[in-house]
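Just below is one structure, and these are the notes that go with it.
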Amino acid sequence: MTTYGNTALAPRPAPASTPRTRPHIEVAPTRAQRRARPRLVPAIVTVAGIGVVLLAHLLLSIVLADGAYQISALQTEQRDLLRDQQALSERLETLGSTQNLIANASALGMVASGNPLFLNADTGTVSGSASAPGAGLAGWKNLVGNSLLDGSTVIDPAAIAAAKAAENASTETGTSVEGASVVNTTPGTIPSPQTH
Amino acid sequence: MINPRGTRRRLALSVIVVFAIVAVFVVRLVDIQVVRAASITEKASERRTIPVTTYGVRGSIVDANGVVLADSVERFDITAAPVNVKLDKTWMRKDGKLVQVPTAEAIQAIANITSTDPNVLYATLTKDPKSKFAYLTKAVTLDVFKKVRALQIPWVYSELHPSRTYPNGAIAGNLVGFFPSDKPLAGLELKQDSCLASRNGSSTYESSADGIRLPGSTIVEKDAKNGGTLHLTIDADLQWYLQQVLSDQGTALGADWGNAMVVRVADGHIMADADWPTVDPNHIDGTPDPNNWGARSFSSPFEPGSIMKPATFASLLDAGVITPETHVTVPGIYTEGLPAGSKIKDSWAHGDINMTATGVLMNSSNIGTAILSKNLSLKKRHAYLEAFGFNSDTAVDFLGESSGSVLPLDQTDSITNLTQQFGQGMSATSAQIASMYQTLGNGGVHMPLTLVSGCEQADGTMTDVPSTAGTRVVSESAAKTTVQMMEIVATQGSVHSVISIPGYRIAAKTGTAEVAEGGVYTSDRIVSVAGLIPAEAPAYAIVVTFAKPDTMRTSAAAAPAFNAIMKQVIKTFRITPSTGSVPNLPVTW
């Protein structure tokens, strides 16, 4: 602080010119006065802080909005995938229907077994009395309708013939003895697994 | 030189103008912010807020092994806004590019994909050109919907159309019922709707200018609730076999209808309950007669005839008034105590025969049964019949179930008094008959007949679990003795050669009931065979019935089907060959 140039005031004797006078005293600013003084650092910090907050808010908004688009896209994808999954499981249920399995089994030349037979694994004995296969009623033409099946799910006879031809070609060396012996054990029945 | 007065005037004018403008703004501000604030806010949020329906999925119906019998699937309705259709040209994606094509070409493209008639589509679109909404086609599959969507025609929209499918077709169609469009119409779909039904939810969100959901703006007003999974006791493969056999034999016999039932003795669970003819729930139109839409085994009582006799013999044994060896002299015609002109006959002509009680059952003698029944008062016999479950609905409580009828005591005349003991003058459903055989096989304890084993709610809890409390009808020894007598029927009776299975002991009884029409017995018959397997420790009760066969009118008509079904039951449930030997009960004296 200086008073130079302040012509309105009476010139004051310079303190240096009054040696051994009372030490310099000044009115101590009150707390409030001290606080009221502009201070640079807090000002910069405050302004920068506001800037950072605003910037963070902006970035947050951007991220949030971006997330919203992502969520929307993923939800659409999830819905589409769920629909695909449902359509596929619907198809699987139809393919797994008894009628479809029978149609395909018949196309492959399979027949139902005759009288039930049981193999006792402990003693190795077979109980029950065998009968010719297909001894049930009704032949094996399915009589129970299913309008969901249009016949397109039955194996193509040409594919079966091709597979048979390929099998014959590969087993010409004659390794099917094992298969024949199984058939001999229970004549007239198809060996079926005794799983639980 | 400036005129100070002019300056002041101008200043005053400016101030007035400024104030006037500010005043206008203030008025407008108050108007918008205060007076009309509510309605404007509402309008604004209407524009931003999008309501959405969240769909709950109707529950599926599954068999005892989890095979799906009824399932919910998504179908799509293809809709359009005719008001947006320009009849000359329209945008459409073609060969990968969005191009303008003649509208007729776009309509043809939709018609090709959805297999509809383009003329019908054209008519729909032009019927009301100002309309904002019209259905082009309903309930198409996901494949078709995707193809239509890929066309990117601007005036074509879609709606979700939840739908039902029955992957196993007519298997158990009689039980499952159907749900053709918007509501269940038959069978378990209708009866168990409270388990299966779903509830749609609703929510709203606020959308941005390009339709994206604003984060955090979703308000769920009501949660969607998925329906429960209905678990049945039946085995779909066994059910198929029964239907197959009924269809084959029913056609060969020229019967009007047939049904067959397999019940697990230990707990009264129905393993299969087949009807012929029956309905494919996917295609109800394929079965024009509504009588074939349900389960006759529950809804159609008939006079059962001789398959009722085991109930009579078990009652008499339990009351201690007969033993299997009780001697009876059976005359050719029985008139004792009957009104003049009435008589009871047997199905074959004979003179006096000395039979034991076992012999009476084995020969299925009506006269012998009537004579033995006289040893017990009508009141007590009536109480036994009701305890076996006749005259009341089974615990299944199937849609449209009938309780059959046994006449009240005070209305039972002197003929019905005796004839109802061999299944004439009373009526019962196949379900009641099966339940009676279950009781005999289960040592005299009647278990509640069960078709639904529970409703699995969306949260995994099981509700509607049926009661497992049994009631004793006859003593264990009376039930066991009756089964032994039925084993004599199966080994020496009229159809023994047809129904026997090598290695297995079976108990059975045949029935050939006369069908009454207009109060008079006709030449039509309802033929049936009912029985238990294996006889030494009954596990399954089986009843097979054919109504009004043309080619053969005796119970022998139902025997091959009974035999085939028994073999399938043995295979399905892996019943090992029987132990012990057939009891030695004399049939004559």
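Here, each number is a calculation from the coordinates, and none is a lab measurement. Fair warning: this is a prediction, and the values are worked out from it, not measured in the lab. Methodologically, a virtual Cβ is constructed for each residue, glycine included, from the backbone with ideal geometry; neighbour enumeration extends over all protein chains shown.
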To the nearest 0.05, how large is the calculated FRET efficiency for A:L74 and A:L95 if R₀ is 41 Å and r is the Cβ-Cβ distance? 0.85
Dipole of chain B, positive end: most advanced residue of B:P577, B:A513, B:P184 [Cβ charges, Cα centre]: B:P184
For segment B:518-589, take the convex hull of the Cα atoms, compute a quarter of its surface area, and give me that in nm², please. 7.7
Point-charge dipole on Cβ atoms (K/R +1, D/E -1) for the protein assembly as shown, about Cα centre, debye to 20: 6120
Determine the principal axes of the Cα atoms in segment B:359-481, then give the extent along each, sorted from largest to smallest and rounded to whole angstroms. 59, 31, 24
10 Å-binned pair-distance histogram of segment A:41-95 (Cα, whole percent): 21, 21, 18, 14, 11, 8, 5, 2
Name the long-range amide H neighbours of B:K548: under 5 Å, sequence gap of 5 or more, or other chain; modelled H, no Pro or chain starts. B:D256, B:R525, B:I526, B:V527
So for R0 = 35 Å, FRET eff. of B:K222-B:Y135 from the Cβ-Cβ r, to 0.05, ends up at 0.85
Quick one: net charge around B:E514, please, counting Lys, Arg +1 and Asp, Glu -1 for every other residue with C-beta under 9 Å from its C-beta. -1
Net dipole in debye of segment A:41-95 [+1 Lys, Arg Cβ; -1 Asp, Glu Cβ; about Cα centre; nearest 20]: 220
Determine ³J(HN,Hα), in whole Hz, for all residues of segment B:210-226 in sequence, where each value follows from phi through the Karplus function 6.51 cos²θ - 1.76 cosθ + 1.60 and θ = phi - 60°; x replaces Gly and Pro. 9, x, 8, 5, 6, x, x, 9, 6, 10, 8, 8, 8, 6, 6, 10, 6
Using modelled backbone amide H atoms (1.01 Å from N, in-plane), which distant-in-sequence or interchain residues come within less than 5 Å of B:V396's amide H? B:L449
May I ask for the distance between the Cα centers of segment B:99-171 and segment B:321-389, given as a whole number of Å? 70
Using 7 Å Cα-to-Cβ label points, what is the B:A23/B:Q108 separation (nm, one decimal)? 7.2
Based on DSSP loop calls and a cut-off of at most 14 other Cβ atoms within 10 Å, the longest stretch of chain B free of exposed GluC sites (Glu not before Pro) is what? B:1-324
Once you average over the residues of B:553-564, how many Cβ atoms of partner chains fall within 10 Å of each Cβ? 1
Residues whose built amide H sits under 5 Å from the amide H of B:R75, excluding neighbours closer than 5 in sequence, are B:H161, B:S163
Taking chain B and dividing mean pair separation by its residue count, relative contact order in percent (alpha carbons under 8 Å, at least six apart): 14
Would you mind telling me the antiparallel percentage of the DSSP bridges in the protein assembly as shown, rounded to 5? 95
Determine which aspartates and glutamates satisfy two conditions relative to B:K345: a Cα distance under 19 Å, and not lying fewer than 8 residues away in the same chain. B:E303, B:E336, B:D413, B:E514, B:D524
The extension gain from B:A12 to B:S39, computed as 0.36 nm times the residue separation minus the Cα-Cα distance, is 5.8 nm
Under Karplus coefficients 6.51, -1.76 and 1.60, residue-wise ³J(HN,Hα) of segment B:341-356 in Hz, glycine/proline x: x, 8, 8, 10, 10, 9, 6, 9, 7, 7, x, 5, 10, 8, 10, 7
Does a label point 7 Å from the Cα of B:A349, set along Cα-to-beta-carbon, have any residues of segment B:316-333 with amide nitrogen under 15 Å, and which are they? B:332-333
In Å and whole numbers, how far do the C-alpha atoms of segment B:249-329 stretch along each principal axis, longest first? 56, 32, 20
Looking at B:Q33, B:T54, B:G66, which one has the Cα that reaches farthest to the positive end of the dipole of segment B:30-78 (charges on Cβ: Lys, Arg +1; Asp, Glu -1)? B:Q33
Give me the dipole magnitude in Debye, nearest 20, for chain B about the Cα centre, with unit charges on the beta carbon: positive for Lys and Arg, negative for Asp and Glu. 3280
For the protein assembly as shown, compute the orientation-averaged projected area of the C-alpha convex hull (one quarter of its surface), in nm². 74.0
Expressed as a fraction of 2.2 N^0.38 Å, the rule-of-thumb size for a compact globular protein of N residues, what is the C-alpha radius of gyration of chain B? 1.48
Extending each Cα 7 Å along its Cβ direction at B:R199 and A:V52, get the distance between those two points in nm, one decimal. 5.0
Loop trypsin sites (Lys or Arg not before Pro), segment B:1-50 (other Cβ atoms within 10 Å of the site Cβ: 14 or fewer; DSSP): B:R36
Shielding of B:240-246 by partners, i.e. mean partner chain Cβ atoms within 10 Å per residue? 6
When we measure straight from the Cα of B:K567, which lysines land under 25 angstrom away, once same-chain ones fewer than 8 places off are left out? A:K141, B:K309, B:K480, B:K509
Among A:T46, A:S61, A:A73 the positive-end extreme of the charge dipole of segment A:41-95 (Cβ point charges): A:T46
Need one number for segment B:132-272: average projected area of the convex hull over its C-alpha atoms, nm². 14.7
When the Karplus curve 6.51 cos²θ - 1.76 cosθ + 1.60 is applied with θ = phi - 60°, which whole-Hz ³J(HN,Hα) does each residue of segment B:172-185 get, with x for Gly and Pro? 6, x, 5, 8, 5, x, 8, 9, x, 10, 10, 8, x, 10
